[in-house]
Every structure is written in structure tokens, then in C-alpha cells.
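**Q** Can you keep this structure in mind? I'll have questions shortly.
The values are calculated or read from the model by the stated rules, or taken from the named source; none is laboratory data. Predicted model, so just to flag it, every value in this text is computed and none were measured. Cβ: placed from backbone, ideal geometry, glycine included. Neighbour counts: every protein chain shown.
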Amino acid sequence: MVLLAAYNTLLARLSGQEDIIVGSPIAGRPHKDLEPILGMFVNTLAIRTEPKGDKRFTDYLAEVRQAALEAYEHQDYPFEELVERLGVQRDTSRNPLFDVMFVLQNMERESLNLNELHLTQAAGTSHKTAKFDATLYAAEGSDGSISFDFEFNTDIYQKQTIEKWLSYFTRILTKVIEDQTISLGDIHVLDNAETNRVIYQFNQTKSDYPRHETISRLFERQAEETPDARAVVYDGQILTYRELNERANRIAAALRSNGVGPESVVALLTGRTTELASGILGILKAGGAYLPIGDDVPRERAEWMLKDCKADILLQSDKLDGLPLSGKRLFIEDIQTKAGLSSENPEPLGGPESLAYMIYTSGSTGAPKGVMIEQRSVIRLVKNSNYIDFTPEDRLLFTSSLGFDVTTFEIFGPLLNGASLYVSDQETYLDSDVLETFIQQNGITTLWLTSSLFNHLSEQNEHVFSGLSRLIIGGEALSPSHVNRVRNALPHLSVWNGYGPTENTTFSTCFLIEQSYDHSIPIGRPVGNSTAYIINSRGTPQPIGVIGELCTGGDGVARGYFGRPELTEEKFVPNPFVPGERMYRTGDLARWLPDGTIEYAGRMDDQVKIRGYRVELGEIEAALRSLDGVKEAAVSVRTGQSGNKELIAYMSLQADMDTEKVRSSLSKQLPNYMVPAYMMELEKLPLTPNGKLDRKNLPEPELALQTAYTAPRNELEEQLSVIWQEVLGTKQVGIENSFFELGGDSIKALQVAARLGRYGWKMTASDLFRHPSIKELAPLIRKAERVIDQRPVEGDIPWTPVQHWFLSQRMENRNHFNQSVMMFSSDALHKQPLKQALEHLVIHHDALRITVSSENESIRQINHGIQKDELYSLDIWDLSETDTWEREIEDEVAALQQRMDIEKGPLLKAGWFKTRSGDYLFITVHHLAVDGVSWRILLEDLSAAYTQAVKGQPVQLPPKTDSFKQYAVRLSEYAKSSKLMREEEYWRFIEEETAAELPYEKPQYQTGADSVRQTVSFTLTEEETSVLLQQVNRAYHTDTQDILLTAAALALRDWTGGGRLRIAMEGHGREHIMPELDISRTVGWFTSMYPVLIDLNTAGAELGTAVKTVKDTLGRIPDKGIGYGILKYMTPSEQKTIRFRQAPEISFNYLGQFNDTEDQHTFSLSGLASGHDITPTWQREQAVEMSAMAAQHKLHFSLSYPPSRFRKETMEQLLQTLQQYLRDIMAHCTGKEEAEKTVSDFSSKTLTSDDLDSIASFVEEL
């Protein structure tokens, strides 16, 4: 009995369970008469006892004795029948009822002598297979000793583990021999060596840090050391350490004048702006403690917090709505402009033991509890610690909510170590593509994320963190699969697992993840000047590998809970291992690993972690029961498909209540992360026989669609449906489906809001909680009021597709790739107004200040500010006295074009030529910064600016639209979008189909010979041009490009002999693929390039069929071809499967009409020679280039070709054929009496020309 009681005590300590079943064999010969009979009588007894830690050993021994005696009385009952009667579910990998055995060997082992034959027990007859996970054999020796053998399953346990357990077992026996009344939980099973390891060696974290300082003094010293370094950056606004310190000093002065001092709690309400940092530092400098209130906290909860902590001052940003407060309200922005407030460092008040901040966490009674953190605890977190070392070169992006305790690390980590804190809108870090771009462009080195958000982002794009040096993940248990995927993709990235409750100041332990894990990632070792202990319910240290409650100690332990002395006494207990100190009982289960790291094993209670926030299920249940119409409520948690924890609410409701009304009401009381993702209405909640809630029988939420599909009715509903599909990972979303029934939660609601914002719409996550269907939500969505920043743009610009194409071209001189214009003014120009106009032009249009930088085999384009030494160049020549001025202008213009330097800049060069007939103004801009549409904008603004300057008026140009940089950044994000990836199949077909090849007439003898070009051309008369532009298009609802391309395609068909032609085309590239951007007046190179496959095999001699074929072919191209270049040059290779072939041999480009540019008041276009825009060393991709434009009321069509491959006569004949086809098509179209619609005039994507003909014939028959 004693051995069995000790064995059960060991099993309870190792497993953490207090309900133990042990198997034990019984001889099965209860009567003396059965002893001499041969046969198998052995049966197995299942002995169940409860070795609870608070029981005295003598009491427990009595229980074991009683249980054993009762089992002996029923030893005849067959074990197999017992299993059947209990209905235990069988599992071939386990034994029913129990996995451990205890065997007491007390058989007589006497030697026998038979007629000189001596019989003894044979050696080496033990079996090699363990029948159970663990079996303890005890055998009584003839000398009164007891020997023990431990049989174990080697698939589960290692030999050294079992040896350790045996030492624990013998120590238990020793302890109970010494004191039979000892409580089971008080038995210390560790020897001195292991005790020393888990209590002292694993907690050797002492290190020097400024423990006697305050946060304010440390920040002031940093501001003195690096006054001009960047402290906080938000949306282009930069605060240096000096500026931030001065702002905080003014806030401190204002607060002190209102009575704030040590231990005063000041509520802080700001958004994600620079006011966040200045507000926190200002409160601390005043001597007070801050209570952070996020702008997403429900009003009722915020009011409760303010009342509970007795905060009578609210410091807030005027950008946010305030909260009802009986005390005083101060606005951060007003303080900065108020006269008489000192910006000098105030006299220090308080010390390291002073209260720094209060943060409210979820409470099981239904009310949150305020955790009080002192200044020393914060300093220990970020100064001279043993996990993250901040340097002045580090840049951390702030990602947590204001009411989340990780803000302590995110704000003070950088600011007390000379690094930079970057603050952004939530939308930046909720979308993986936007976040990746932000990290790359701003040089972010450090990032903290909750495990849930990390999982979401890494699922969207595992390379999102490629620009970081280190990433800390925490708040809840990490998903090994997500971490493994990111580490494999980004081996350079240091990934940390950060663990810690609010009550121990953010981080208690940290772990650098340096290998892949299958099941659980350790939470690491205690951080500097912190300790960790794993104990049982009686406070006794647990052995290595054994689960117990994790307790944390050291300098990070909080003061306690505000106004909750009983709870403080319960959770903050004296540290039995360090006299005079306290430790915090986390309620988390964990175990020591042999290397001194800790593995998290869950919770002891109903507390869970949702998105990193600690949530008490009892608080949610209390909030649910408080709602009118809710009769009963229970909340549970489950792990969702993405590996994140999800809340489920079960409710019994009155007739007039439903789940969506509950969700709407609950979202007004609780933060979004506490509102259950799933809500199930039950007729009644399941109960146990004792009348308690039976949580095990609560049903799983039904995730299947319960609502019939109803299609979107307008563009906004369609946009919402697409966003929901992307965020929720579903194939179809109707306007009446519930977001939360489809698997939505609070973090996904934020992602929906973020993605809507990218399309120019605005909503809040709380809107979605109150109106969870698209039908209900759509009326609440409003257009975002965008105010485009008019300040000069600076910084690196991602390369756009056409710029990638430019970099891939073969040419000796990339500097000579320009676009230019020659203008004439009959009136003499004025120097100062002209310089003023050019300067305003370059300041206003940011792309004109681009240069290129080549460093370490990396090519970057940089947008400079307006402080650059030379914004533009203007050369002036007075040729009024020379007769050869035209030739001199031509020479000077050619030299000007040659002097372009994209690395030194500027990219705009102008030449002013004074002649007898008037003044000529030549402007050339490198193509990197300009295109055809840009020139229209530039010439209009140049004329306006010059006119204003001449009149002595201030130059005022129209407001800027979104910058070229912003466009390029968004294009980088669009390159990874699901919308673009849906085009891949179309472009794959275009790339893989065969097409006619050009009939070259001369072999290519040497590389580069094709760079020499010749041109043939024709021009339509003004009358013909007028017919083409104004009459021809009515016949088939075409545009001029359709007509010109049809003529070109027919001529090429006749020449090549092939009806399928692959032609490279260009577009202006300003398609409406990112509707939230306005680039209508943005200067830059936006041109799109894409191949078109035209099949004229079925057209024959029918000109109308040819026109319709070309028109419908162009109409089927997604977004007018802009996606091709994005896919080719910007979409990461791992996201696409398409293979791009060599560029087409033919190109066609219609440049449009340029007659409107002649209407400028000051300048008119001149036909004077303007030199060669492009270097003659450029080896063009297309052998035959066709281009057309309408200028000066005439259509000009030109064909460029390499004479090294084609004869001039052939090209002239080709152009003549094209011109004849054009005139024939014009005659055909103008002679057509009724207009005819084609396939591309209809929205159906499956309609064919044959279908349309059939419909037309049917209508005619009617």
C-alpha cells in the first residue's frame, strides 16, 4: 500500500493530474484450495485514487488502502468485461483505462532439489517489449530489502528520464518515512543539484542597468547626446530628439500647472501619431503616470476605466473625439502653441519606484482590472537587457494598440537607446504588401507582432519581413508551421518568441528561434533582471520536464492591481526563493527544458489569449448575460483553420433577440477582440447531472453558409464581395451572408477596413461588427476624404514596369533617352519670369527631381527634395545677329541632349534661343521622368506659370495629384494582388500561341547593326484626317486606334503570309486599376507595353469583319494591357508560373491628337529640328516599328526599320499597302448606313461574334 501510494504521488507530480488510475495484477487465487492448481488465474485490477497536493500522506495512504481492498474484493470480475461495461473507446495505440502498472512481486522463490537436480530461477528470461508506457516492479528480497525495476516504452521515454524518475520515487519514500504527515504537494522530489539548476542557474540574469534612474532622465540624456537624430517619424513628419523633448517639456509644464505630480494618473487619448510619444513623455516628466486609452476602445469601457482609476485629467489629441470626463481636458496641439510654457527640462519629481503607467486587462468577474507598473520595471525591459539590443541605427515600426502593454517595449525601446520610432496607420501593417513596401522604403529593422497577425501576414506573403533584421512575435502561442515557413524563406531574419504578462512589464522570457519546430516553440529564458519559476499548487519547484504554474519575479513585477488588494495579495505573492522579493503567479502552465529554456503548455483557468490580449471568458459571459434578451450564455475558445484562437458564444435567447443584435450590442461594451467570432443560438445550454454547464457538450460552430447566395447589386457591393473573399479565403460571398458566420473575426474586420481604404472607401471595424452583411454594411461606407499632400516628395521610388524595361534595353548610353519639345514665341521672353516658371515647374512636379544611383551593383531611383543644388538647367543663346541661327540651334540642341546625366541630374534641361524672328524655347527631359501625357501637363503649367510671373503675380499651379512615388509604391503592392494574378492565364495564352514571323530579306551579320534605322512615312490630308477622326468610328463604335491597327494588321498579313500577328503595343498606362489614386495631373513615365495577338484568318477580304476582330481583340485585353508589364517585371517569381518569351518583332503605337497643345497663350509648337532624342546605340526590340499621330490637323504615319535587314523598296510597298487599306476601311465605314455593335460593346465575357450574329439574325426575322 505504501509503495502504491508513493508511486501514485510520483505520477501525480509528473503529470499534474490529481485523478490517477494504475493497473495492478492480482493472482486471482483468493481461496487456499486454488493455490496448487495449474492454470492462468491472473486478473488485472484498475485502482483509482486522487493524490491531491493538499492531502497528508497518512490520509492518502488510508484512501489507497481502502481502494486496494475494495479492488481485491472484486478481483474475480474480468478486466475485459469491465472495459466493455464502461464503454471505453478502443484505440490500438493505447491501453484502455490506464497506461501505467504497479507490480509487487512477493512470490516465494525457493530453490528446489530433485534427486541431485538443483533448480533455480533462470536468468535472461525477461521480455523485450513493454506492454504499458511504464511499469514499476517491486520485489521483496529474502533479507527484507525491496528492489525496484522500471520497465518503460522506449518510443516515449529515454533511459535518463526514467532514471531521474526513480530518483524522485526514492526521494518520496525517504520523505514520507521522515514525516508521514507531510502533504503530498510539499514533498520535494528534487535533489540539491537539480534544485540549484531550476532555482538559481536558470535564473542567472542579473546585469547592470540604470535601476536608480527614471524614464524621464534617461530620455533627456539621450536627447542631449543625439539632439538632431530622428526620434519619431509619422507620415513624413519627423521629430528629432530635441524637438520631441521640447514638446514633452511643454506638456509637462501644462500638466504640473494643473496639479499633476507623483502617483497622479493622467488619461491619454491619442491616435497613431507623434502625439502618442510626446504625450507619454510629457506625463512622465510631470511626475505622473499615464493611462493609455486606444481610440478603438468602446466608450462604456473607457468611461469605466476613467472612473475606476480616478483620473481627473484627460490629455488628448484634438484629432480625436473626447470622452465624458468630470475633470479637465487638455489638448496636446493647443499646449504646443500656448505661450508661457517652458520647453526646458522640468525639475524631476518621483523616482524609479514611482508609478509609470496603468493598463487595464480583462477580469473574470466582468470588470477589467488596472495593472500598476513602476518606472524601474520599464527601464529593466529596454536597457542593457539580454535579448534585443537597440542601436541608434535601428528603426522600429509601432504596431500595437495603445491599450496593449507591448507599447512599453515599442516606445521606450527605441527612445531610450537613440533609435527611431516609426508610427503608421493600421492599414500599413494589416496588409502584407503595404507592410513590405513600408519596411523596405523606411529601412525598418525591428518589428513586433502578435502571433495572430503574424500568421495572417505570412500567409499572404512570406517575404513581407525580408527587409527586417529581427522580428519579435508573441502575445499568444506561436504557430510552428508559420514560423518555419518564414524562417525558411528568410534565413537572415532573427525571429524571437516574446512571452510575458502585463503584470511583469511586457516581456518575462524571450527565445531566439534558430531551428524548425514541429509542435511547440519554447518561450525561452528569463530576460535580464527577471526570474522564472515553475511550481506546483503548493509552491514546490517542479522537476525539469514537468508541467507546473509559471511564476515570474525580478525587477519587472508590477506593483499590483489598482483598488484590488485581495486580488493583488492572491496573485502577487512573496518569492520563497528570494527573501524580501515578490513574484507573480501567471496562471500559465509551463515546463523547464533541459537546456534551461521554458516551454509554454497552456492555461490553468478560463483565461485565453486572443490577438495577444489576455481575455477572461467570464468577463465576456457576464457582458452577454447583462444584455436584454439573453437568457443564458457561455463562451468557449477553439483553434481556427489559421491556427489562431477564436471565441465562440453559445446563447439561449428570447424571441425578439437574435445573434446579430447581440453582436451589435456587445461591440458597444467590449473591445473588438473580445467579441466572439461565432455566435450560436441554442434552445438551452447543455448541463451536467449536477446542473452545471456541460462545456464538453457544447456544439462546434457551423461554418457552412446558412444563407442563400445573393449577388452584389452595384460596384461597391462587388468590391466588398471581392475583399471578403480574399480576407476570408472563400470562393463566393453574397450580400446577405454574415461576415462572422464565414469565419470573420476582429483582425479580419480590420483587414477589410484597410483594403477598402486602398480603394478610396472608409469604414471602421466596429461598423462591420454591428452590420455584418454586405447588404447592411454598404450604406454605411463613405468615400474617404483624401487630402493629397502638397509637400515636396522625397525618397526612393520603386522601379515601374516601363522603367524596368528601359533598364533591360541594350544601349551604350542610358543618359541619352529623352523626350523633348521645341516651342516658339513671337514675343521676346523675359528671363526672370522664365526662370521662375521653370523653377515652379520642377518644384511642383516631383518626378522632374529624380536621379539614378548605382551602388554595389544595385540601381535605385531617388526623388530629391527641393533643396537640391540644381533643379533644372537653362542655357541662353543670343543668335539675333547671325544668319545661320537655325543650324546653330540644331547643333546646340544636339549637344544639350547629349549632356543629360541621370545620375547627377537634373533631368530637365532647357535652351533659350533669341533670334530675329522670335524666341525659341527648347525643353528636353529624360524619359525616366516623363511621357506623352506628362508633356500636355507640363506645357499647360509652363504657360500658366510664365504668364503669372510676367504679370508679377504669385505663381499658383493646380493642386498636385498623387505623386509618381506613391503610384510606384502602390503598383508594387498591386503586383502581388489576387486581382492581377487572375490575368495570368490570359497573358500565358498570348505568350504561348504561335504567330507569323517577319520575312527578313538580309541576314544579321553583326550585333548592333539593327540600331541604325531608316523611316518611311505618309501623311493624310486635312480632309481625310477629319473624316478619320470624326466620321469613320460611328460605323462600328470604334476609336481611331482600332482603325489604324486594322489597316496595319491587314497589310502585315499580306506581307508575312500569316493571319495571326503578335504586335507590341503601348498605352498611356494611367488605367483605373487603383481607384484610390488620382494621377490625372501627375508627371512621370507611366507608359504600358504589352503584346496583342490578332487573328485575321477568318476575316478574309471582309473589311468590316477585320475591323470588328481588331476592336474586339483590343476590348478583351484586361485593363488595356497594364497588367502585362506588372506581371513580367514586378510580381515575385514565386507567385507566378508564366514564362515570358522574346518580345514581338512588330510594334504599333498611336500617340493620339496633339492639336490641343497649339492653343497655349504664350508658346506654340515649332517644327524646328530638335535633335535626336534617343541614342543611336539603342538596339531596339522590334524590327518594324509603326507609329501614328494627329498633329496640326493631319495624320502622320511612319514606319521605322533597320536597313541591315530590309530593303527600302519593301518597306515603301508595305506602307503603301497599309495606306490603301486605311482608305478602303474609311470608305467602307463612312458608306455604312447603320451603326453596328460588336462583342466588346457588351458586358458578357462569354459572348462570341457568332452568338452576336445569331442574335442579330433572330431579331431581323422577328
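**Q** When the residues of segment 220-243 are filtered to those that are hydrophobic (A, V, I, L, M, F, W, C) and buried (at least 23 other Cβ atoms within 10 Å of the Cβ), which remaining residue is nearest to the chain's Cα centre (by Cα)?
**A** Per the criteria, the residue is 232.
Rundown of residues vs (1) of a type in the set (Ser, Thr, Tyr); (2) buried (at least 20 other Cβ atoms within 10 Å of the Cβ), yes/no style:
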{"position": "1088", "(1), (2)": "yes, yes"}
{"position": "1093", "(1), (2)": "no, no"}
{"position": "1106", "(1), (2)": "no, yes"}
{"position": "1118", "(1), (2)": "no, no"}
{"position": "1124", "(1), (2)": "yes, yes"}
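**Q** Residues that are under 13 Å from the mean Cα position of the chain (by Cα) and either modelled with pLDDT of 90 or more or over 23 Å from residue 755 (Cβ atoms) (or both): list the helices (runs of 4 or more DSSP H) wholly contained in segment 405-459 that include at least 1 such residues.
**A** 432-442
**Q** Would you mind finding the one in 1127, 1050, 1093, 1029 that is modelled with pLDDT of 95 or more, within 24 Å of residue 1195 (Cα to Cα) and touching a helix residue (DSSP H, G or I) at 6+ places or on another chain (Cβ under 7 Å)?
**A** Details: 1127 fails: within 24 Å of residue 1195 (Cα to Cα); 1093 fails: within 24 Å of residue 1195 (Cα to Cα); 1029 fails: modelled with pLDDT of 95 or more.
Within the list 1127, 1050, 1093, 1029, the selection yields 1050.
**Q** Read through the list (1) within 22 Å of residue 676 (Cα to Cα); (2) assigned to a loop (DSSP other than H, G, I, E, B); (3) among the hydrophobic types (A, V, I, L, M, F, W, C), then give the number of the only condition that residue 711 fails.
**A** In the conditions (1) within 22 Å of residue 676 (Cα to Cα); (2) assigned to a loop (DSSP other than H, G, I, E, B); (3) among the hydrophobic types (A, V, I, L, M, F, W, C), residue 711 misses (1) alone.
**Q** For segment 476-544, please list each of the strands (runs of 3 or more DSSP E) lying entirely inside it that holds at least 2 residues being polar (S, T, N, Q).
**A** Because the criterion is at least 2 residues that are polar (S, T, N, Q), the strands (runs of 3 or more DSSP E) in segment 476-544 that meet it are 494-499, 530-535.
**Q** Name the residue that is farthest from the chain's Cα centre (by Cα), counting only residues in segment 554-594 that are assigned to a strand (DSSP E or B) and without any contact (Cβ under 8 Å) to a residue 60 or more places away in the chain. Let's see the steps before the verdict.
**A** Step one: filter segment 554-594 for residues assigned to a strand (DSSP E or B), giving 554, 560-561, 572-574, 582-592.
Those left that are additionally without any contact (Cβ under 8 Å) to a residue 60 or more places away in the chain: 573-574, 582-583, 585, 587, 591.
Values: 573: 40, 574: 42, 582: 39, 583: 36, 585: 34, 587: 31, 591: 32 Å.
In this case the residue turns out to be 574.
**Q** Further, regarding this structure: Return the pair list, or none, for Cβ contacts closer than 7 Å from residues in segment 251-277 that are assigned to a helix (DSSP H, G or I) to residues that are charged (D, E, K, R), at least 6 apart or on different chains.
**A** Close Cβ pairs satisfying both conditions: 252/285.
**Q** Next up: Among all residue pairs at least 6 apart or on different chains, which show Cβ distances below 6 Å where the first residue, located in segment 923-941, is among the polar types (S, T, N, Q) and the second is outside any strand (DSSP E or B) and surrounded by 20 or more Cβ atoms within 10 Å (Cβ to Cβ)?
**A** Pairs that qualify, where the first residue is among the polar types (S, T, N, Q) and the partner is outside any strand (DSSP E or B) and surrounded by 20 or more Cβ atoms within 10 Å (Cβ to Cβ), are 924/897; 934/1083.
**Q** Looking at segment 1034-1055, which of its residues are part of a helix (DSSP H, G or I) and surrounded by fewer than 18 Cβ atoms within 10 Å (Cβ to Cβ)?
**A** If the condition is that a residue be part of a helix (DSSP H, G or I) and surrounded by fewer than 18 Cβ atoms within 10 Å (Cβ to Cβ), then 1034, 1054 are the ones that fit.
**Q** Sort through 1017, 977 and tell me the only one that's farther than 30 Å from residue 725 by Cβ and either out of contact with any Lys or Arg (no Cβ under 6 Å at 6 or more places or on another chain) or not small (Gly, Ala, Ser) (or both).
**A** 1017
**Q** In segment 1180-1201, is there at least one residue being assigned to a loop (DSSP other than H, G, I, E, B), of a type in the set (Lys, Arg) and in contact with a helix residue (DSSP H, G or I) (Cβ under 8 Å, 6 or more places away or on another chain)?
**A** yes
**Q** Something else: Among what's in segment 283-322 and is of a type outside the set (Ser, Thr, Tyr) and in a strand (DSSP E or B), pick the residue that is surrounded by the most Cβ atoms within 10 Å (Cβ to Cβ). Before the answer, list the steps.
**A** At the first step, the residues of segment 283-322 found to be of a type outside the set (Ser, Thr, Tyr) are 283-289, 291-316, 318-322.
After this cut, where a residue has to be in a strand (DSSP E or B) as well, the list is 289, 291-293, 313-316.
Details: 289: 25, 291: 26, 292: 25, 293: 23, 313: 22, 314: 22, 315: 31, 316: 24.
For segment 283-322, the residue satisfying everything is 315.
**Q** How many residues does segment 541-575 hold that are farther than 18 Å from residue 505 by Cα and either touching a Gly at 6+ places or on another chain (Cβ under 6 Å) or of a type in the set (Lys, Arg) (or both)?
**A** Total satisfying the criteria: 3.
**Q** Also: Within segment 935-991, work out how many residues are of a type in the set (Val, Ile, Thr) and assigned to a loop (DSSP other than H, G, I, E, B).
**A** So the first thing to find is which residues in segment 935-991 are of a type in the set (Val, Ile, Thr), and the list is 937, 947, 950, 955, 961, 969, 990.
Within this subset, residues satisfying the condition of being assigned to a loop (DSSP other than H, G, I, E, B) are 955, 961.
Adding up the residues that qualify gives 2.
**Q** Among the residues of segment 514-539, what is the count of those that are of a type in the set (Val, Ile, Thr) and out of contact with any helix residue (DSSP H, G or I) (no Cβ under 6 Å at 6 or more places or on another chain)?
**A** Qualifying residue count for the region: 4.
**Q** With respect to residue 516, determine if the residue is among the polar types (S, T, N, Q) and touching a strand residue (DSSP E or B) at 6+ places or on another chain (Cβ under 7 Å).
**A** It is false that residue 516 is among the polar types (S, T, N, Q) and touching a strand residue (DSSP E or B) at 6+ places or on another chain (Cβ under 7 Å).
**Q** If you go through segment 328-346, how many residues are assigned to a loop (DSSP other than H, G, I, E, B) and closer than 15 Å to residue 282 by Cβ?
**A** Adding up the residues that qualify gives 7.
**Q** Quickly run through segment 1093-1119 and pick out the residues that are under 15 Å from residue 983 (Cα atoms), in contact with a Phe, Trp or Tyr (Cβ under 8 Å, 6 or more places away or on another chain) and either not assigned by TED's automatic domain parsing to the domain that holds residue 1221 or not in a loop (DSSP other than H, G, I, E, B) (or both).
**A** Residue satisfying the conditions is 1118 alone.
**Q** Just one of (1) in contact with a Lys or Arg (Cβ under 8 Å, 6 or more places away or on another chain); (2) hydroxyl-bearing (Ser, Thr, Tyr); (3) farther than 15 Å from residue 409 by Cβ; (4) at pLDDT 95 or above trips up residue 509, so point out which.
**A** Status for residue 509: all satisfied but (3).
**Q** Only one residue in 850, 797, 781, 866 is crowded, with 17+ Cβ neighbours inside 10 Å, within 37 Å of the chain's Cα centre (by Cα) and over 20 Å from residue 971 (Cα atoms). Which one?
**A** Just a single option satisfies the conditions, and that option is 781.
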